[in-house]
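In what follows, a single structure is set out as structure tokens and then discussed.
The values are calculated or read from the model by the stated rules, or taken from the named source; none is laboratory data. Predicted model, so just to flag it, every value in this text is computed and none were measured. Don't worry about glycine lacking a Cβ; one is built from the backbone with ideal geometry, like all the others, and counts go over all protein chains shown.
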Amino acid sequence: MILNISLAILLIQLQEVVCQCGYKACEKTKDNPVLNIHLVPHTHDDVGWLKTVDQYYYGANNSIQHAGIQYILDSVVGLLQGSSHRKFVYVEMAFFMRWWRQQNEEMRNIIKDLVNKGQLQFAGGGWSQNDEAATHYTAIIDNMAYGMKFLKDTFGDCSRPLVAWQIDVFGHSKEQAALFAMMGFDGVFFARIDAADRLLRKADKRLEGMWHASQSLSSAADLFYGAFYDHYSPPDGFCFDIFCDDQPIQDDQDLLDYNVDERVDTFVKLMKEEAKSFQTNHIMLTMGNDFNYENANEWFKNMDKLLKYVNMKENETNVHVLYSSPACYLYALNQADVTWSSKTDDFFPYGSPFNYWTGFYTSRPALKGYIRIANKVLQTCKQIKAVSGVGADPVALKDAIGIVQHHDAVTGTEKQHVANDYAKRLAIGIDEGQKIENDGIAQLIKINASQPSLQFEFCNNLNISICHVTETLKMFTVTAYNPLAYQVLKYIRLPVNGMHYSIKDPDDNTVKYQVVEVTKATQHVRKQRGNASHELIFPVNIPAVGFSTYTVTMDTVKNKYRNLQTRAVHAGIDDTTISNNHLSLTFDGKTGLLKSIKNMDDDIMLPVRQMFYWYSSSTGDIISDSSSSPYIFRPNGTKPFPVFDTTVNLKVFKSNLFEEVQQEFGPGLSQVIRLYKGQQHAEFEYTVGPIPFKDGLGKEIISRFDTSLKNDGIFYTDSNGRQIMKRRRNHRDTFPYINTDPVAGNYYPINTKIFIKDNNTQLTVVTDRSHGGSSIQDGSLEIMVHRRLLYYDGGEVEALNETGQFGDGLIIRGDLLVTLNPMQIKTFQVQIKRK
């Protein structure tokens, strides 16, 4: 059947001045057999990469990279006024809004006129061109909404982007396509797909097609997609930027270097060759590249000539050139009577044999974790503001969240000084968001107007047992907010320097608690930033979209609720088991490693061995000069090494609230595995780093779960925290897979979960940030948690060799939540009594 592209054509109301924007701004094209070449002038402006976002905008620090966004926009707008046929596409609103705010009223009117005429068009329109592998769907929505709201408020309907523009993103997710469809986009275009996939699509004329991006949403998530013939740069020989060395079109016949005939003949030949890979008589040429158009005159002057002289030979060559845009190109495709191929999977991983871009799924895990935390603050901040009716708009937090979704930010592929800049922006944004949360919660508590404003202390470093208030005060209150639509039971862990406490819930009932010593690993990570000797643990029940306040008072006498049992476990003794009312975990007495997990609710038990391993990072070899880098994961060999090949020391804690095992593997690696009463998952809190490097080897650390499950090469990962993607080892759905790298070629992005299953049992691991992971062998599930690399495979980005605050290697602390569930569906019999 013929799958038509559903085009949401803008309905422009007639005013005193008739706007010709959107699809109405598209120039008329020629019918077959004439080949229409759509020139799309554009610039790709990274919102931070080799330079910070500020340096890119102003053109500072050009010793690193010559780029200045303000000059690009100045130049482009001036040249668009020179001809009504010229068009230009802009994408990143984080830059455009800065530039807009610096313009005077006269220039703003000129820009609005260009937008209304369809000469200046926006594609994508997000705050940044977001990554699709390491991003959460809520952050993607906020990134897009923040940019598109600016466009709507500034220019009205004529500025609404009709096409998504993900040209430099390192692979493309199914959920991202579904979100674009639900946002009202008619299509998405991009450049980066697997090299083998592109070759086959060229041969089969399947570079463009229909993406069925959600089974549950059906046609509501259908989206047209287009992969470029090559990159998002101009065709060879036709780049007219200050960064390019291609020959300009020299059309003065009195000069010896006159080259119009040669330029036209070369261009026509290239286009006819490229046309062999497309189904219609239309080709889109991306006339631009990274940070192009500082001198827009050079571009437009030569493109004007290209249009003029190619079109003069149109009757002879059957090639017609026109200024266009992604939206106008899509509009032309919609007029074609074509049966489009369909797609239901995604475009991961991106790369080519020996060169898989699967390392960035994990690169800079500390920044990835911080971005997820900041995103949570933004979601909570927006909700509290809406519920309480007080608080300012979290502009700095929205700006920071939008910026770090960029495909060289959350990916970890930026320079270190840029990563530091991202973290600083997040810190400023989080501080702003928490002030808004403070005002909102204070309003909800309904304090008397005569009382001073209630101020909360946000403890942002509880993961390493730092909180000045709880460490120093003998009495304090704890307010926990729940943004979810259902009541939750959570366990609070607070750093303290006491042993005995009295805790009251909102109804003045006494709450049970426990006190445990701060682990040596935590003391090592926090160094002198905190001095708590213990952690106070107690449960809190929080209503849906609400909060609960608990009062904590230090006692001077022993409290009857402290019944903690502690013991050290040494090698050679019996197995150790910890349990709650749902799960039990058994640890091998000889190795100290996890041995099995039992779901007591469903009476299923699974042998599970969990251990940390490291892949040795390739620095290039005779097969390929590619090395592991911030982008690429390329291990030396297929077998990882155990981080420590010795017995693991255990320390066991048991109480009426929780049971936990503390594992000490050796320097730079420890883990605490916890089971809280009432919760159906086990918490694996790992502390990894600094990764040793004096042996000259880059290392990529994984947490691996080995089980007896027969998953037949099948495993599952999520797509941006929403859809679940079925993965098959050594396989691609749409093209033959070449198994040149059995490890890296089988890695996929994990945003929130990964699981394996057989006919009876499913083992699921939930993550607190984005990672890369896979099932490299049956029954096995691995997640890469940290990377430290000493080499880079070329280009200008540094090796991924992060150091911590105190100058040593970066230490990562994160959480993995593990569940074990049966596959059978429980059935319930319902008896209906008849009268």
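If a residue must be in a strand (DSSP E or B) and either outside the structural domain of HIS582 (by TED's automatic domain parsing) or surrounded by fewer than 19 Cβ atoms within 10 Å (Cβ to Cβ) (or both), how many such residues does region 612-634 contain?
Of the residues in that region, 2 qualify.
I'd like to verify a number: residues in region 117-176 that are acidic (Asp, Glu) and without any contact (Cβ under 8 Å) to a residue 24 or more places away in the chain, how many?
Count: 1.
Out of everything in region 117-153 that is in contact with a Leu (Cβ under 9 Å, 6 or more places away or on another chain) and of a type in the set (S, T, N, Q), what residue ends up being surrounded by the most Cβ atoms within 10 Å (Cβ to Cβ)?
The residue in question is GLN121.
Looking at PRO690, is it more than 24 Å from PHE587 (Cα to Cα), crowded, with 16+ Cβ neighbours inside 10 Å and in contact with a helix residue (DSSP H, G or I) (Cβ under 7 Å, 6 or more places away or on another chain)?
no
Conditions tested, residue by residue: (1) touching a strand residue (DSSP E or B) at 6+ places or on another chain (Cβ under 7 Å); (2) assigned to a loop (DSSP other than H, G, I, E, B).
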residue: LEU50; (1), (2): no, yes
residue: GLN55; (1), (2): no, no
residue: ALA60; (1), (2): no, yes
residue: GLN65; (1), (2): no, yes
residue: LEU73; (1), (2): no, no
residue: GLY78; (1), (2): no, no
residue: SER128; (1), (2): yes, yes
residue: ALA139; (1), (2): no, no
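Mind checking whether some residue in region 603-614 is on the phi < 0 side of the Ramachandran plot and acidic (Asp, Glu)?
For region 603-614, residues on the phi < 0 side of the Ramachandran plot and acidic (Asp, Glu): absent.
Between a residue in region 322-333 that is without any contact (Cβ under 8 Å) to a residue 24 or more places away in the chain and any residue that is in a helix (DSSP H, G or I), which pairs come within a Cβ distance under 9 Å, given they are 6 or more apart or on different chains?
Listed by first residue and then by second, the contacts come to nothing, as the list is empty.
Out of THR411, THR380, I need the residue that is outside any strand (DSSP E or B) and surrounded by 24 or more Cβ atoms within 10 Å (Cβ to Cβ). Which one?
Within the list THR411, THR380, the selection yields THR411.
I need the full set of residues from region 266-280 which are surrounded by 14 or more Cβ atoms within 10 Å (Cβ to Cβ) and not polar (S, T, N, Q), in order please.
PHE267, VAL268, LEU270, MET271, LYS272, GLU274, ALA275, PHE278
Identify, from the list THR740, THR761, THR734, THR752, the residue that is in contact with a Phe, Trp or Tyr (Cβ under 8 Å, 6 or more places away or on another chain) and not charged (D, E, K, R).
THR740
Just one of the numbered conditions (1) within 28 Å of the chain's Cα centre (by Cα); (2) under 30 Å from VAL511 (Cα atoms); (3) not in a strand (DSSP E or B) is not true of TYR686; which one?
Failed condition: (3).
Within region 581-628, how many residues are of a type in the set (D, E, K, R) and in contact with a Lys or Arg (Cβ under 8 Å, 6 or more places away or on another chain)?
The qualifying residues number 3.
Under the condition of being acidic (Asp, Glu) and either part of a helix (DSSP H, G or I) or outside the structural domain of PHE228 (by TED's automatic domain parsing) (or both), which residue from region 141-200 is farthest from LEU120 (Cα to Cα)?
Ranking the candidates gives ASP197 first.
Looking at region 22-48, which of its residues are assigned to a loop (DSSP other than H, G, I, E, B) and either hydroxyl-bearing (Ser, Thr, Tyr) or buried (at least 24 other Cβ atoms within 10 Å of the Cβ) (or both)?
THR29, THR43, ASP45, ASP46, VAL47, GLY48
Looking only at region 711-764, filter to residues that are surrounded by fewer than 17 Cβ atoms within 10 Å (Cβ to Cβ) and among the aliphatic types (A, V, I, L, M); which one of those is nearest to GLY359 (Cα to Cα)?
Once the filter is applied, the top-ranked residue is ILE738.
In region 673-683, what residues are outside any loop (DSSP other than H, G, I, E, B) and surrounded by fewer than 22 Cβ atoms within 10 Å (Cβ to Cβ)?
Scanning region 673-683 gives TYR676, GLU683.
Report whether or not GLY637 is in a loop (DSSP other than H, G, I, E, B) and touching a Pro at 6+ places or on another chain (Cβ under 9 Å).
no
Just checking, which of VAL525, VAL545, VAL557, VAL496 is among the hydrophobic types (A, V, I, L, M, F, W, C), under 29 Å from VAL688 (Cβ atoms) and either modelled with pLDDT under 95 or in the same structural domain as SER388 (by TED's automatic domain parsing) (or both)?
Among VAL525, VAL545, VAL557, VAL496, only VAL525 is among the hydrophobic types (A, V, I, L, M, F, W, C), under 29 Å from VAL688 (Cβ atoms) and either modelled with pLDDT under 95 or in the same structural domain as SER388 (by TED's automatic domain parsing) (or both).
Quick one: in region 635-672, which of the residues that are hydrophobic (A, V, I, L, M, F, W, C) and under 34 Å from the mean Cα position of the chain (by Cα) is surrounded by the fewest Cβ atoms within 10 Å (Cβ to Cβ)?
Here the residue is PHE641.
May I ask you to list the residues in region 10-46 that are modelled with pLDDT under 95 and among the aromatic types (Phe, Trp, Tyr)?
none
Step by step: first the residues of region 29-50, then only those that are over 15 Å from HIS85 (Cβ atoms) and of a type in the set (A, V, I, L, M), then the one that is nearest to the chain's Cα centre (by Cα). Which residue is that?
VAL47
Which of the residues belonging to region 353-362 are buried (at least 19 other Cβ atoms within 10 Å of the Cβ) and either over 13 Å from the mean Cα position of the chain (by Cα) or farther than 16 Å from ASN130 by Cβ (or both)?
The answer is PHE354, ASN355, TYR356, TRP357, THR358, GLY359, THR362.
Yes/no per residue for (1) over 30 Å from GLU298 (Cβ atoms); (2) under 32 Å from the mean Cα position of the chain (by Cα); (3) surrounded by fewer than 20 Cβ atoms within 10 Å (Cβ to Cβ):
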{"site": "ARG206", "(1), (2), (3)": "yes, yes, no"}
{"site": "HIS212", "(1), (2), (3)": "yes, yes, no"}
{"site": "PHE224", "(1), (2), (3)": "yes, yes, no"}
{"site": "HIS231", "(1), (2), (3)": "no, yes, yes"}
{"site": "GLN253", "(1), (2), (3)": "no, no, yes"}
{"site": "ASP257", "(1), (2), (3)": "no, no, yes"}
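Of the residues that make up region 95-104, is at least one surrounded by 20 or more Cβ atoms within 10 Å (Cβ to Cβ), at pLDDT 95 or above and not polar (S, T, N, Q)?
Checked region 95-104: at least one residue is surrounded by 20 or more Cβ atoms within 10 Å (Cβ to Cβ), at pLDDT 95 or above and not polar (S, T, N, Q).
Tally up the residues in region 789-808 that are surrounded by 19 or more Cβ atoms within 10 Å (Cβ to Cβ) and either β-branched (Val, Ile, Thr) or within 20 Å of GLU685 (Cα to Cα) (or both), please.
1
If you take the residues in region 512-553 that are among the small types (Gly, Ala, Ser) and more than 25 Å from ILE812 (Cβ to Cβ), which one is farthest from the chain's Cα centre (by Cα)?
Out of the qualifying residues, it is SER548.
What are the residue pairs meeting all of these: first residue in region 384-402, first residue outside the structural domain of ASP131 (by TED's automatic domain parsing), second residue polar (S, T, N, Q), Cβ atoms under 8 Å, and 6 or more apart or on different chains?
SER388/GLN443; GLY389/GLN443; VAL390/GLN443; ILE401/ASN143; ILE401/ASN375; GLY402/SER128; GLY402/ASN143
Quick check on THR339: is it among the polar types (S, T, N, Q) and under 21 Å from the mean Cα position of the chain (by Cα)?
Judged against the criteria, THR339 is not a match.
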